[in-house]
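This report concerns only the one structure given below.
Bear in mind these aren't lab numbers, they're just calculated from the coordinates by the rules spelled out. Remember, it's a predicted structure, so these values are computed and weren't measured experimentally. Don't worry about glycine lacking a Cβ; one is built from the backbone with ideal geometry, like all the others, and counts go over all protein chains shown.
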Amino acid sequence: MKVSLFVTCISDAVYPRVAEAIARLLARYGVAVDLPPVQTCCGQPAYNSGYWQEAREAAKTILDAFADSDFVVSPSGSCTGMIHHYDKLFEDDPVYLEKARVLEQKSYEFTQFLVHVLGVTDLGAVYPHKVTYHPSCHGSRILGVKEEPLVLMERVKGLELVPLPFAEDCCGFGGTFAVKMSDISGAMVTEKADHVLESEAEVLVGLDMACLMNISGHLQYRNEPVRVMHLAELLYEGVKQT
Amino acid sequence: MSAAQSKPRDTVKERAELALNNAFLRKAVKYTTEKLRGGKQQAAEEHGNWEAWRERGRQIRLHTIAHLDYYLQEFAENARANGVHVHVADTGAEAVEIALAIAEQKRARSAVKSKSMVTEELHLNQALEGIGVEAIETDLGEYIIQLAGEAPSHIIIPAIHKNRQQIAELLSKDAGETLPPDTTVLAGFVRKKLREKFLEADLGITGCNFAIAESGSMVLFENEGNARMVTTVPETQITFMGMERIIPSWSDLEVMATLLPRSATGQKLTVYMSGITGPKRQEDGDGPEEMHIIIIDNGRSLQLGDPEFQELLNCIRCGACLNACPVYRHIGGHAYGGTYSGPIGAVLTPALQGNVAEWDDIANASSLCGACYEACPVKIPLHDMLVYLRRRKVEQGYSPTLERWAMKGYAAVMSSSVKLQRTLKLGKLGQKLVVRDGVIKARIGPLEGWNRYRHTPGLPEQSFRERWETLEPDIRGSLQEMDAGMKERMQQLVRSRSEGNENQGKRDSSEGESIRSDAPTAYSGKRNSDRVDREESGVNKGKGGGNHG
C-alpha cells in the first residue's frame with residue numbers, strides 16, 4: 001500500500017513544518033508516506049491566470065510523480081482541488097487525461113484521508129486553547145471538506161472552538177489575484193483578520209497554507225499576536241503532549 | 001451599434017479604487033448584501049429540500065436553452081394567438097428602434113417603467129427622452145437612481161450603494177422641500193408622486209422574469225405593486241424580454257417561483273407575481289388595449305453551442321451571486337463597469353459582447369472562491385467561467401507582456417523538480433538582502449501590492465525536500481503497526497477503485513449521512529447578523545425582487 005505525500009510547493013518551500021506534522025501523524029497509524037521527488041507545483045497559479053500551456057508543464061510533474069501511488073495526501077484543499085481540474089486541462093491529451101482521472105480518484109486532502117480512509121477522528125490530542133477555524137474556499141467548495149476538520153477538533157481535549165464570523169468568506173488570497181488586485185485583496189484580508197480578532201481566539205487554524213500565509217502575514221503586519229497554524233500542526237502538537 | 005455598450009475608459013482597478021475609498025458605499029453595500037444572503041440562507045434551510053430543487057431548476061434551464069429555438073417558436077405562436085404583437089430584435093439598437101416606433105405611432109408623451117435590467121442594457125430611457133417621451137422608473141430603487149442620474153449597481157437592489165441620508169437628500173430635491181430620512185415618509189412621497197405619473201402615462205414598459213411557452217404568457221415578480229400598475233393602467237404595454245427568459249410550462253414556473261424569491265431576497269414568495277396572457281379582453285376590468293413583446297438577442301445567441309459559456313443563459317437574474325461575493329461586497333456594482341455587476345456581470349458583460357479582450361480586466365476581479373456558484377439557484381459554474389475568460393484572453397494574445405514572461409518563467413521552473421530546487425537555493429541566497437526577523441516587509445517587485453497589507457514569510461533554512469533525507473529514517477524508526485481493520489479498509493478502497501466506484505471513501509460532508517456519531521457542537525460558520533450596525537443602512541432601497549428580467 002503506497003501512500004505518497006503531495007507536499008505542495010508552498011509547504012515544501014515555505015512551511016516544511018506542516019508536511020512534517022502530516023508525515024509524523026500518519027506514522028502513528030502505521031502509514032509510512034513516501035515523497036516522490038519529481039513533484040513540483042499543481043499548476044494552479046498558471047491555470048487560474050489563463051496560462052494553461054504553462055499550467056500543464058507543472059501539472060505533468062504531479063501526474064508523473066504519483067502514477068504508481070495508491071493514495072496521495074496533501075496539506076491543501078486547493079492543490080488537491082486543482083487535480084479535479086486536470087481532466088479539463090488535459091482534455092486533448094489522451095495519455096495524461098487518463099492519468100488525471102486516476103489521480104483524482106486517489107488524491108485526498110489531509111483531513112479527508114484521516115477521517116475517510118484511516119477512519120480516525122480522535123487522535124488523543126490535548127490542546128487547551130481557544131481556537132477558531134477558517135474553512136478555505138477550495139477545500140470546502142470543490143472537495144466538500146466541511147465537517148472533517150470540525151469533527152477532528154471536537155475530539156481534541158481542552159480545545160475550545162469559537163465561531164469565526166463570516167467564516168466562509170474568502171480571505172482574499174486567490175493566488176495572482178492578491179498581486180493583480182492588491183487593494184481589493186487587501187480589503188478582504190483586513191476584514192478576515194477583523195473577524196479573527198473578533199472571535200477572541202488565541203489560535204487560527206485552517207487546511208491551506210496559502211490562505212493562512214495571507215491571513216497571518218496581515219496579522220503580523222498589524223502586530224497582532226494570534227497564532228496561525230495548519231490543523232495538522234495543531235494535532236501533532238496535541239499528541240506530542242500526551 | 002452591434003453591442004449594448006462600448007468599453008469604459010478606465011480599468012476595473014481604478015473603478016474599484018473609487019469604491020474602496022468610499023466608506024458610505026462600502027458600509028451600505030455590506031449592510032444590504034449581508035441581510036440578503038442571510039435571508040437567502042435561512043430560506044434555503046427552511047425549504048428543507050433546497051439542493052434537490054436547485055438541481056431541478058438547473059435541469060429546467062438546461063433543457064430549455066438546449067431547445068431554445070423550439071420554445072421560442074412555441075411562445076411566439078401562442079402569444080400572437082393571444083393578441084400580442086411579438087417582435088424579434090437581433091441587437092439592442094433594433095429593439096430600441098421597435099419601441100420608439102411604437103411610441104411614435106401612439107404619439108406617446110410619457111412612459112412608466114417597472115424594473116427591468118434588459119432595458120438598462122439597451123439604455124432605453126435615454127432613447128425615449130431623445131424623441132420627447134418622458135420615461136419614469138416606478139420601482140423605488142430605480143426611481144432613486146434615476147433621480148441621481150446613475151445606473152443600478154445591483155441586479156435586484158439598484159440603489160444598494162446609497163444610504164438613507166443620501167436618499168433623503170435626493171428625494172428632498174425632487175420634492176422641493178426637506179424630507180426627513182424616514183423610510184415611511186420617503187416611500188410615501190414617491191408613492192404619491194408616482195400615482196399621478198401612472199394615471200397620465202401612455203406607455204407601460206416592463207421587463208420579463210419568465211415567459212411561458214405553452215401559453216404565450218409573461219410573468220413578472222415584484223414587491224411594490226408598481227409592475228401591476230404599469231401593466232394595467234396605460235393603454236399600451238411594451239415588454240422587453242431577453243431571448244433566454246423562456247420556460248416551457250406553468251409547472252416549471254412553480255420551481256422558478258420557489259428558487260427566485262428565496263435566492264434574491266430570502267422571501268418564500270414574491271409579494272406580487274403577475275402572469276399576463278395577452279392584452280385586455282372584453283370581460284377584463286383592466287389591462288392594456290395593445291400589448292407588444294420584444295424578444296431580444298443582443299449577444300445572447302453567441303453563447304449557444306459554446307460548451308464553456310452556454311450555461312450563462314440559465315441565469316434567472318436573482319442577484320444571489322452578488323450578495324455572496326466577497327469582492328462585490330467591497331467594491332459594489334459600478335466597479336464592474338457594465339449593466340450587470342458581480343460575478344454574473346463579470347462573465348456576462350464580455351460574453352454578451354463577444355469581445356473578451358476589451359473587457360478582460362473584470363474577469364480578474366475575482367479570487368475564484370466559488371461562493372457565486374454555491375449561491376446560484378441554477379448552479380452556473382461562474383468561477384470556472386472566469387478562468388475560461390482569462391484563458392481566452394491569453395490565447396488571443398491580449399495578456400500583458402510582463403505577465404507572459406512571468407508565466408514562462410513559472411513553467412520553466414515548475415517543469416522539473418531539479419530546476420525548482422535550484423531556484424529555491426537562489427531564493428535563499430537572494431532573500432538575505434531583504435529578510436529581517438524572518439519576514440520580508442519591503443514593497444518591491446511583485447511584493448509591492450502584497451506587502452502593502454502584509455509581511456511575507458522568508459524561506460526557511462531547509463525545504464521539506466531537503467529535510468526529508470534525515471526525517472524519513474527518523475519517522476520510519478517510530479512507525480507503528482497498522483491496525484488490521486484499517487489495512488483491510490484501505491485495500492478495499494483500492495479494489496473498489498479499479499472496479500470503477502469513483503470517490504469511494506471521500507464522502508462529501510455536505511451531502512449524505514453525517515460523519516459524526518454525536519450531535520454537532522455549537523460551532524458553525526454562520527453569520528452573526530446582529531453585529532451589523534443598522535444606523536447607516538439605507539431605506540429599503542426599493543426592496544428587491546422587482547422584475548429584473
GluC sites (Glu not before Pro) restricted to DSSP loop in the range B:172-226 with at most 13 other C-beta within 10 Å: B:Glu177
Förster radius 60 Å - calculated FRET efficiency between A:Asp122 and B:Glu169 (Cβ-Cβ, nearest 0.05): 0.50
Which GluC sites (Glu not before Pro) from the range A:88-185 combine a DSSP loop assignment with at most 12 other Cβ atoms within 10 Å? A:Glu91
Take the Cα of B:Arg443, step 7 Å along the line toward its Cβ, and report every residue of the range B:15-38 whose backbone nitrogen sits under 19 Å from that point. B:15-22
If you wrap the range B:96-200's Cα atoms in a convex hull and average its projection over all directions, what's the area in nm²? 6.7 nm²
Heads up, the range A:64-185 by the C-alpha gyration tensor (a ≥ b ≥ c square roots of eigenvalues; a/c under 1.5 rounded, else a/b over b/c prolate, else oblate) looks oblate
Write down the Å³ per residue value for the convex hull defined by the alpha carbon atoms of the range A:80-140. 83 Å³
From the Cα gyration tensor of the range B:12-302, with a ≥ b ≥ c the square roots of its eigenvalues, which class applies: rounded if a/c is under 1.5, or else prolate if a/b is larger than b/c, or else oblate? oblate
Which residues' amide hydrogens lie under 5 Å from the amide hydrogen of B:Ile246, considering only partners 5 or more residues apart or on another chain, with H built in the peptide plane? B:Ala211
Compactness of the range A:130-240 - radius of gyration and Dmax, Cα, Å: 13.5, 42
Looking at the range B:104-247 only, what percent of DSSP beta bridges run antiparallel? Nearest 5 please. 20 percent
State the antiparallel share, in %, of DSSP beta bridges confined to the protein assembly as shown, rounding to the nearest 5. 20 percent
If you average 1/r across every pair of different Cα atoms in the range A:6-68 and take the reciprocal, what Kirkwood value do you get, in Å? 12.7 Å
Low-density loop positions, chymotrypsin sites (Phe, Trp or Tyr not before Pro), the range B:206-305 - DSSP coil, at most 12 other Cβ in 10 Å: none
Using θ = phi - 60° and the Karplus relation 6.51 cos²θ - 1.76 cosθ + 1.60, list the HN-Hα couplings for the range B:324-339 in order, rounded to whole Hz, with x at every Gly or Pro. 8, 6, x, 7, 3, 3, 9, 10, x, x, 5, 4, 6, x, x, 5
Got a sec to turn the phi values of the range B:400-408 into Karplus ³J(HN,Hα) couplings, 6.51 cos²θ - 1.76 cosθ + 1.60 with θ = phi - 60°, whole Hz, x for Gly and Pro? x, 4, 4, 5, 4, 5, 4, 6, 5
What whole-number volume per residue, in cubic angstrom, does the convex hull of the C-alpha atoms of chain A give? 111 Å³
Inter-centroid distance (Cα atoms) of the range A:175-236 relative to the range A:44-86, Å: 24 Å
Cα-only Debye scattering, chain B: base-10 log of I(q)/I(0) at q = 0.06, 0.11 Å⁻¹: -0.37, -1.06
Across the Cα atoms of the range B:260-368, what radius of gyration and what greatest pairwise Cα-Cα distance (Dmax) are found, in Å? 18.0, 56
Report the Cα centroid-to-centroid distance between the range B:78-117 and the range B:233-304 in angstrom, as an integer. 14 Å
Estimated D of the protein assembly as shown in µm² per second, where Rh is the Kirkwood radius over Cα pairs and Stokes-Einstein applies at 25 °C, 0.890 mPa s: 88 µm²/s
Given all pairs of different Cα atoms, what value in angstroms does the Kirkwood hydrodynamic radius of the range A:1-140 take? 15.7 Å
Taking the range B:401-464, the equivalent ellipsoid from its C-alpha gyration tensor has semi-axes in Å, biggest first, of 21, 18, 8
Anything over 24 Å Cα to Cα? Flag those among B:Lys106/B:Lys280; A:Lys106/B:Lys487; A:Lys88/A:Lys192; A:Lys192/B:Lys30, in the order listed. A:Lys88/A:Lys192
Please turn the phi angles of the range A:32-47 into ³J(HN,Hα) values with the Karplus equation 6.51 cos²θ - 1.76 cosθ + 1.60 (θ = phi - 60°), one per residue in order, whole Hz, x for glycine and proline. 9, 6, 10, 10, x, x, 6, 5, 10, 10, 5, x, 4, x, 6, 4
Could you check the simple spin-label distance between B:Lys432 and B:Tyr70, using points 7 Å along Cα→Cβ, in nm with one decimal? 7.3 nm
If you bin the C-alpha pair distances of the range B:365-447 every 10 Å from 0, what whole percents do you get? 14, 26, 30, 24, 6, 0
